[in-house]
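Shown next, in structure tokens, is the structure this report addresses.
The values are calculated or read from the model by the stated rules, or taken from the named source; none is laboratory data. Just so you know, these numbers come straight off a predicted model, no measurement behind them. All Cβ positions, glycine included, derive from the backbone under ideal geometry; neighbour counts span all protein chains shown.
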Amino acid sequence: MKNTLLAIFLLLSTALTALAQAELLQSGPMLGYNEMKEVLLWVQTTEAAEVQFDYWPAEDAKDRHNTATYQTNAAEAFTARLIADEVEPGIDYEYELKINGKTVRRPYPLTFSAQPLWQYRTDPLAFDVAIGSCFYVNEPRYDRPGNGYGGDYEIFEAIHEKRPDAMVWLGDNTYLREADWYTMTGIFHRHTHTRSLPELQPLLASTHHYAIWDDHDFGPNDSDRSFIHKDKTLEAFKLFWGNPSYGLPDTDGGITSYFQYHDMDFFLLDDRYFRSPNYRKSGKATIMGEEQLEWLIDALVKSRAPFKLVCIGGQVLNTAAVHENYSHHHAEERAYLLRRIAEEGIRNVVFLTGDRHHTEMSQYRNSAGYRVADITVSPLTSGAARNVEEENKLRVEGTLVTERNFGILRFEGPRKERKLTITVYNTAGEELWSQELESE
């Protein structure tokens, strides 16, 4: 009898301890960048706690490794960015989270992968990248009166069911409200509230995430370089995302970055930190700033990727001079960028954009005879634009979508014959349209 009672006591004690550790988990775990020799793992706790990840090859659970431990703290919104630095190229891993030394179980797979070393050995593998923008989560006490602006959160379950290898968030990845703009407390609250959405958690845990920002996660609506607290929102962006870098080495500030996924190059641009005010009458109108713009041109010239994916918050090719399209307030810089792409003979440039609360694909052939495309995917969960009447002369027929949606980019084919298939889905994961581009 005593042994039975002792066993019951131990089981209850273990269960209560596990529950206590789970209650310390605010959001995540989330996968950040993955390279051949290291992978970033992210997590957020509800209060100060010691966190660590254990990981092992999916085919050898005995070969266990662990990250360093980290003590989360209020000054960093109780977030942690830990590095799995004992990985090998091309290996799939399983992992687990420990809080205060106790494993926290999740009801969905915790897996990641290190990128393969394919160069000089095989053709690059096929892989999928999810894209989307404009992620709004309702919080009535801080929202504007009326019907909630956000909805259809099950879209993240639909994305997860597609099992993309990576996801690129194309800006407005949270919506700072009036109560958030001017304090780190408000900024941290908004990021935490958005990141904690239950429907999002499985997608965070097994897809590698990269991000840029646009106005609503940078500051107020249509914000620019004059926003006085851009240092605070930059700090929050660094804490809540897992990009490989933030900002150019020779430039102060901003979130500009780059990563290579298999054989494709992704350029993560900052369209806010250096942006001149839309209606300023003097000075040079710019979205990217000279340093970032020239870096992009240099990097595109250097790239040998079959497709060069340029990620920026606002539309680039849309010819309608409305809202914050590049062709509206910053047409001269847009013309310069597109001219340089043509004059430098840069092939296979594909802009990935968001912002507009509708989805469409734009495309043209430049003076060098090369195709330039712009894939706009928006919104994920914010309100969709129901009446899009602007004239975009470069829109590909049949690609306009005015409901919540996401995209999947499929890269496949032999090394010298790669192709990109863009497929857009509704919130239930049902296909709306698909387009195919061949590398030129």
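The residues of region 177-230 that are charged (D, E, K, R) and either under 20 Å from the mean Cα position of the chain (by Cα) or closer than 26 Å to Val322 by Cα (or both), listed by number, are Arg177, Glu178, Arg190, Arg195, Glu199, Asp214, Asp215, Asp217, Asp222, Asp224, Arg225, Lys230. One residue stands out in region 211-258 among those that are crowded, with 22+ Cβ neighbours inside 10 Å and among the aromatic types (Phe, Trp, Tyr): the one that is farthest from Ala158 (Cα to Cα), namely Phe218. Number of residues in region 425-440 that are in contact (Cβ under 8 Å) with a residue 40 or more places away in the chain and exposed (fewer than 15 other Cβ atoms within 10 Å of the Cβ) equals 2.
Any residue that is assigned by TED's automatic domain parsing to the domain that holds Asp152 and in a helix (DSSP H, G or I) - is there at least one of those in region 169-184?
Looking only at region 169-184, we keep the residues that are assigned by TED's automatic domain parsing to the domain that holds Asp152, and these are 169-184.
Now drop any that are not in a helix (DSSP H, G or I), which leaves 184.
Yes, some residue in region 169-184 is assigned by TED's automatic domain parsing to the domain that holds Asp152 and in a helix (DSSP H, G or I).
Taking (1) farther than 21 Å from Phe156 by Cβ; (2) touching a residue at least 24 places away in the same chain (Cβ under 8 Å) in turn, Ser378 satisfies each apart from (1).
Which members of region 24-59 meet the condition of being of a type outside the set (A, V, I, L, M) and part of a loop (DSSP other than H, G, I, E, B)?
Going through region 24-59, the residues of a type outside the set (A, V, I, L, M) turn out to be 26-29, 32-35, 37-38, 42, 44-47, 50, 52-57, 59.
Within region 24-59, Glu35, Lys37, Glu38, Thr46, Glu47, Glu59 qualify.
A Cβ distance below 6 Å, combined with a sequence gap of six or more or placement on separate chains, defines the contacts here; from region 31-50, residues that are over 13 Å from Gly242 (Cα atoms) reach residues that are among the small types (Gly, Ala, Ser) and at pLDDT 95 or above in the pairs Met36/Ala114. Of the residues that sit in region 115-143 and are touching a residue at least 12 places away in the same chain (Cβ under 8 Å) and among the aromatic types (Phe, Trp, Tyr), which one is surrounded by the most Cβ atoms within 10 Å (Cβ to Cβ)? Looking at the filtered set, the residue picked out is Phe135. The set of residues from region 388-424 being more than 21 Å from Leu317 (Cβ to Cβ) and surrounded by fewer than 23 Cβ atoms within 10 Å (Cβ to Cβ) comprises Glu403, Arg410, Glu412, Gly413, Pro414, Arg415, Lys416, Glu417, Arg418. Residue count for region 369-381, restricted to those that are in a loop (DSSP other than H, G, I, E, B) and surrounded by fewer than 21 Cβ atoms within 10 Å (Cβ to Cβ): 2.
Take the residues in region 46-56 that are under 26 Å from the mean Cα position of the chain (by Cα) and surrounded by 14 or more Cβ atoms within 10 Å (Cβ to Cβ), then tell me which one is nearest to Phe188 (Cα to Cα). Among residues in region 46-56 that are under 26 Å from the mean Cα position of the chain (by Cα) and surrounded by 14 or more Cβ atoms within 10 Å (Cβ to Cβ), the one nearest to Phe188 (Cα to Cα) is Thr46.
Mind telling me which of the residues Ala158, Ala77 ends up being surrounded by 14 or more Cβ atoms within 10 Å (Cβ to Cβ), under 26 Å from Phe307 (Cβ atoms) and of a type in the set (Gly, Ala, Ser)? So that I can check it myself, show each step before the final result.
Values: Ala77 fails: under 26 Å from Phe307 (Cβ atoms).
The conditions single out Ala158.
Here is a yes/no grid of residues against (1) of a type in the set (Asp, Glu); (2) in contact with a Pro (Cβ under 9 Å, 6 or more places away or on another chain); (3) assigned to a loop (DSSP other than H, G, I, E, B); (4) farther than 23 Å from Pro414 by Cα:
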{"site": "Arg275", "(1), (2), (3), (4)": "no, no, yes, yes"}
{"site": "Arg280", "(1), (2), (3), (4)": "no, no, yes, yes"}
{"site": "Thr286", "(1), (2), (3), (4)": "no, no, yes, yes"}
{"site": "Glu294", "(1), (2), (3), (4)": "yes, no, no, yes"}
{"site": "Leu300", "(1), (2), (3), (4)": "no, no, no, no"}
{"site": "Ala305", "(1), (2), (3), (4)": "no, no, yes, no"}
